[in-house]
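Comments concern the structure below.
The values are calculated or read from the model by the stated rules, or taken from the named source; none is laboratory data. Quantities reported herein were computed from a predicted structural model and do not represent experimental measurements. Backbone-built Cβ (ideal geometry, glycine too); neighbour counts: all protein chains shown. SASA here: full protein model, heavy atoms, side chains in, ligands and nucleic acids out. Shrake-Rupley method; radii C 1.70, N 1.55, O 1.52, S 1.80 Å.
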Amino acid sequence: MAGLIANRNFICGGAVVADEWVLTAAHCAVYMDTSDAVLLGDHDYSTASEANAYTVGISQVVIHPRYDGNTLENDIALLKLSSKITWPSDNTVAPVCLPSAGESYGDVRATVTGWGAQSESGRYLPQLYEVTVTTLTNAACNSLYDGGILDGMICAGDEGKDSCQVSS
């Protein structure tokens, strides 16, 4: 996980996908520019004592050209880091495992990590959390939630479990 820092405030999470790239939501990246940073190796952003935590500057913000802030269609962005990550041997910072293109991901167990609220309208928590949920096909999700899940989106959740609000 990566924490996104804009104007010296923690604003969102992201996923390290390569030694100089972080994947995040476009609705987060729209608030970022090259004066901001990415926090790596941290589990609790309210403390400054984590030995492996450090920040890296951003050299480029790439928001999907067809991002729609109203529907959240194409809600994806990349942040290019100003320096490459040197992967630590203890795996405290590592890239996520990305799925293969073109495969169906319905009914797959997936681990979601992030910082954020643990209940609807709850307060943001500074500790990194994780939850394992089951993915749904978009057709199954749309039948449960009256539509709104577009082709480029992923739907997942189990009774009483879903991803953190405000996180990637």
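Assorted remarks:
- For segment 35-112: rounded, prolate or oblate by the Cα gyration tensor [a/c cutoff 1.5]: oblate
- For Trp21, neighbours were defined as the other residues whose beta-carbon sits under 13 Å from its Cβ, and their charges (Lys and Arg +1, Asp and Glu -1) total 0.
- Dipole magnitude (debye, nearest 20) for segment 1-143, charges at Cβ of Lys, Arg, Asp, Glu: 140 debye
- Using a Förster distance of 22 Å, the FRET efficiency for Tyr145-Ala94 (Cβ separation, nearest 0.05): 0.10
- Rounded to the nearest 20 debye, the dipole size of segment 44-119 about its Cα centre is 260 debye, using +1 on the Cβ of Lys and Arg and -1 on the Cβ of Asp and Glu.
- Average accessible surface area per residue within the chain, 1.4 Å rolling probe, Å²: 60 Å²
- The stretch between Leu72 and Glu103, if pulled fully straight at 0.36 nm per residue, gains 8.9 nm over its current Cα-Cα span.
- All other residues whose Cβ lies under 11 angstrom from that of Ile58 are scored, Lys and Arg at +1 and Asp and Glu at -1, for a net of -2.
- Between Gly152, Gly41, Gly13, the GNM of the chain built on Cα springs shorter than 10 angstrom shows Gly152 fluctuating the most.
- Separation of segment 14-56 from segment 103-151 is 21 Å, based on Cα centroids.
- Answer label for Cα Rg over 2.2 N^0.38 Å (calculated), chosen among [x] 1.35; [y] 1.47; [z] 1.04: [z]
- Carbon/sulfur fraction of accessible area - segment 1-158, other protein chains in place, 1.4 Å, %: 50 percent
- Net charge of Cβ neighbours under 14 Å - reference Asn74; Lys, Arg +1; Asp, Glu -1: -3
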